[in-house]
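The values are calculated or read from the model by the stated rules, or taken from the named source; none is laboratory data. Note that this is a predicted model, so its numbers are computed, not measured. As a convention, Cβ positions derive from the backbone with ideal geometry for all residues, glycine included, and neighbour counts pool all protein chains shown.
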Amino acid sequence: MIGQVLSHYRIESLLGTGGMGVVYLARDERLNRPVALKVLKTELTANPDRLRRFFQEARSAAAVTHPAIAQIYDVGETGGTTYIVMEFVEGKTVRQLIAQQELDLLGSVEIALQVAEGLGHAHRANIVHRDVKSDNIMVTPNGHAKLLDFGLAKLIEEGPAAPEERNPADLTRTATMFPTGTPTQTMVGTVMGTVAYMSPEQARGKAVDQSSDVFSLGIVLYEMVTGELPFRGVSPIDTMHSIVFDEAKPVTEVRKNLPLGLHQIVSRCLRKNPSVRYADAGALADDLKRLKKEIETGTQSALSGARAVRQVTDWIRSGQAFTPRGIVFLLAGGALIVLLLTRNFNWGSLIPVGFIGLMVYRSIRDRKRRMMKRFTAKASRMPGVKAIMVREDRIAVVVEKAQAKIYITLNALLDDINRKLYFGKPFSLIVRDDLAEDEFQRLLRDAGVVFVAENVVLKTPGPSTT
């Protein structure tokens, strides 16, 4: 169809194909702007249900206006060809960013936050996307995330959801690929959505609500921060079985330097029971905002009683309580409780025990400081490292260019020192290569700078103007 004109849209090139349509780059000749024009596949036009879903995509998506959602401009039919015209978004998909190792922790959380806010806006209008995945999230060159293709969106009616007819044998599959080469499937029909990003209720062919999108976005967040998918199998059926029955490996085990708060958010997104997930993406966005602030400032917000209990529960569920350090901590705490509750206990004998404990604590505390110095010494010798800042347990490394080799080496160093910490919160790392010169100079004057490269010049701030 390259070169053809549908209404006033001239088709210029092919952008991609999906389960329900082919997407072209076209030009709106009336407004002289590029657009993404999605044409329903000709072999599907005879199917009334698929045609109805195509127009449903336009109606539901056009009802939502948000900076994080690609806008719908038009829908029509010309010469038997049905099409929908959408905002053309330049940039890279999240899948591409993951494959090219261009995402750090803060960037991943920021993308998830933007998408969650856009989805939350749709959820408040009772619209469910049903196909949230890394291929459907575009990130523009200026860092704005856009959720694409409400192709499987379903308007949720007010009140109880009406039962749907289901025929598991009637599945039309369009293959896409995992980053590892394992095929996934977008199934149009009873089971909708890309297999690796499905919620358990989608995989079982049941009705879905807003919490299904939360599950799928949780998978995308997991993929961004670990580089791998939480549920995988050798076939689509195996993957669906894993989604329904298997528990995802905690992100803090896949990547040792990730914060516990991130694990708690991802874990809640990936609960099998929809009633114990975030109710909608708006609630998820609230927690992502808190996490982003903690990562940026290196501080942790005060915990309510409920959140504190949930953190202990998640710590036990994650298996960290059963690591050697966790077992030592539990045994020591239990022994101390038994001693304190024992009758006729000689409290004076606690003095030498307390003194020894203080010496051990100081040794552990100093060990963390030594580990930090070791990291700084090794990282500072890497070419391209301009400065290193430390604030509490958060390390920021400013580099000339965040190449994959630098990112991998720094994370390997971080994993090494975190493995050697007996107790305490592990260090987290952020690599920055996007600082403007004035912002970089300002950071150099802040407390916590432990290394500055010899070729970096600290400039004298100019007089302030009013």
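At a glance:
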{"quantity": "Scope region 17-44; condition touching a His at 6+ places or on another chain (Cβ under 7 Å) and without any contact (Cβ under 8 Å) to a residue 40 or more places away in the chain; matching residues", "calculated": "Glu29, Arg30"}
{"quantity": "Any hit, region 250-258, residues being crowded, with 19+ Cβ neighbours inside 10 Å, at negative phi and of a type in the set (Asp, Glu)", "calculated": "no"}
{"quantity": "Conditions (1) closer than 25 Å to Gly143 by Cα; (2) part of a strand (DSSP E or B); (3) not β-branched (Val, Ile, Thr): number failed by His66", "calculated": "(2)"}
{"quantity": "Candidate set: region 38-63, residues that are in a loop (DSSP other than H, G, I, E, B) and in contact with a strand residue (DSSP E or B) (Cβ under 8 Å, 6 or more places away or on another chain); chosen: the one nearest to Leu14 (Cα to Cα)", "calculated": "Lys41"}
{"quantity": "Selected residue (criterion: modelled with the highest pLDDT) from residues of region 228-263 that are out of contact with any helix residue (DSSP H, G or I) (no Cβ under 9 Å at 6 or more places or on another chain) and of a type in the set (Asp, Glu)", "calculated": "Asp246"}
{"quantity": "Filter result (part of a loop (DSSP other than H, G, I, E, B) and of a type in the set (Ser, Thr, Tyr)) within region 227-261", "calculated": "Ser235"}
{"quantity": "Some residue of region 39-56 being buried (at least 22 other Cβ atoms within 10 Å of the Cβ) and under 27 Å from the mean Cα position of the chain (by Cα)", "calculated": "no"}
{"quantity": "Entirely in region 73-184, the strands (runs of 3 or more DSSP E) that have 2 or more residues that are crowded, with 16+ Cβ neighbours inside 10 Å and at pLDDT 50 or above", "calculated": "81-87, 137-139, 145-147"}
{"quantity": "Pair list, Cβ under 6 Å, 6 or more apart: region 226-249 residue farther than 15 Å from Asn273 by Cα, other residue surrounded by fewer than 14 Cβ atoms within 10 Å (Cβ to Cβ) and not aromatic (Phe, Trp, Tyr)", "calculated": "none"}
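Residue by residue, here is whether (1) part of a helix (DSSP H, G or I); (2) touching a Ser or Thr at 6+ places or on another chain (Cβ under 6 Å) holds:
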{"site": "Pro383", "(1), (2)": "no, no"}
{"site": "Ile388", "(1), (2)": "no, yes"}
{"site": "Val398", "(1), (2)": "no, no"}
{"site": "Lys405", "(1), (2)": "yes, no"}
{"site": "Thr409", "(1), (2)": "yes, no"}
{"site": "Ile417", "(1), (2)": "yes, no"}
{"site": "Pro426", "(1), (2)": "no, no"}
{"site": "Asp438", "(1), (2)": "yes, no"}
